[in-house]
Amino acid sequence: MHLTCPNCETKIPSENINIQQMAAVCPACDTVFQFDLSNRKLHHRKIKPPERLTVHETDDQMDLAFRTNRQLFKNEAFLTGAIMSGVLTFVSLILAGEWLAGDITPLIPILFGVVTLCLYYWLATIVFDRTRIIVNEEEIQISHPPLTSLFMQKDRIKLAGVRQVAFEETPASVKEGYDTPQYRVWAELVDGRRKAIVNNVVDDYALFITQSLTTWLEADPDTSRLADHQPADEDLSDTEASSQQAHRG
């Protein structure tokens, strides 16, 4: 990361940069300052992909893939779900035994069994799913194979009208003060709307994804994708003419 002190323009060494706090301290004049990576020209500094994030790039497509959840033992939702699935499995077996003994209707163990299977499926998506981001000349595609993609379509963001790609720490991470801050990456459209690309990734993943997509967008020779969303001069003239006629009326 290449930062310079805003006070004395000294180059800031990496050990003086805190990417989690988005702050740095100058070794020459001791100035402490904030910086915003989402607004910097990320493509000017090529960084290596994080460990376990794979990149496959051709002339007309770039494919990024990584594990959606890397530290399951720190995932409270996963741990809670694992405990609940064990409890429900035990209860389902007891109810199945009572049904076989003729003590209860089969509807109750079947209901518990279905809920248990759904919970196991959800846990499997956390363990095995990967996040895959594909960008080509027309759109950004986001999917979560192999399990979630069986029932959900890919999220698609048309490149037409995308102003920039940026990232920031998630509100939950800021509020709770996570030991490992979580970030979200989004595409900002020319009309100001944000389209989510990926949520709850660590800083090096968010930075690399943002840089890669930004580089792809700025290398796109078709600048008309932004112009198409700007009102044409003749359209503005027609609007003004109509307004003047309305006032005359």
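Things worth noting here:
- A Cβ distance below 8 Å, combined with a sequence gap of six or more or placement on separate chains, defines the contacts here; from the stretch 99-116, residues that are closer than 12 Å to Leu88 by Cα and touching a residue at least 24 places away in the same chain (Cβ under 8 Å) reach residues that are crowded, with 16+ Cβ neighbours inside 10 Å and of a type in the set (Gly, Ala, Ser) in the pairs Phe112/Ser92; Thr116/Ser85; Thr116/Ser92.
- Taking the numbered list (1) outside the structural domain of Phe208 (by TED's automatic domain parsing); (2) modelled with pLDDT of 75 or more in turn, Arg40 passes all entries but (2).
- When residues of the stretch 132-145 are limited to those that are in contact (Cβ under 8 Å) with a residue 60 or more places away in the chain and outside any strand (DSSP E or B), the one surrounded by the most Cβ atoms within 10 Å (Cβ to Cβ): His144
- If only residues of the stretch 154-177 that are under 21 Å from His144 (Cβ atoms) and assigned to a strand (DSSP E or B) are counted, the one that is nearest to the chain's Cα centre (by Cα) is Phe167.
- Identity of the residue in the stretch 80-138, of a type in the set (D, E, K, R) and more than 28 Å from the chain's Cα centre (by Cα), that ends up nearest to Thr215 (Cα to Cα): Glu98
- Scanning the stretch 146-162 for residues that are touching a strand residue (DSSP E or B) at 6+ places or on another chain (Cβ under 8 Å) and surrounded by 15 or more Cβ atoms within 10 Å (Cβ to Cβ) turns up Ser149, Asp155, Ile157, Leu159, Gly161, Val162.
- Hits in the stretch 43-58 - residues which are outside any loop (DSSP other than H, G, I, E, B) and either touching a His at 6+ places or on another chain (Cβ under 6 Å) or modelled with pLDDT under 70 (or both): His43, His44
- Flag if Thr80 is assigned to a helix (DSSP H, G or I), outside the structural domain of Ile197 (by TED's automatic domain parsing) and loosely packed, with under 12 Cβ neighbours inside 10 Å: yes
The values are calculated or read from the model by the stated rules, or taken from the named source; none is laboratory data. Bear in mind the structure is a predicted one, so any value in this text is a computation, not a measurement. Cβ coordinates were reconstructed from backbone atoms using ideal geometry, including for glycine residues, and neighbour counts include every protein chain displayed.
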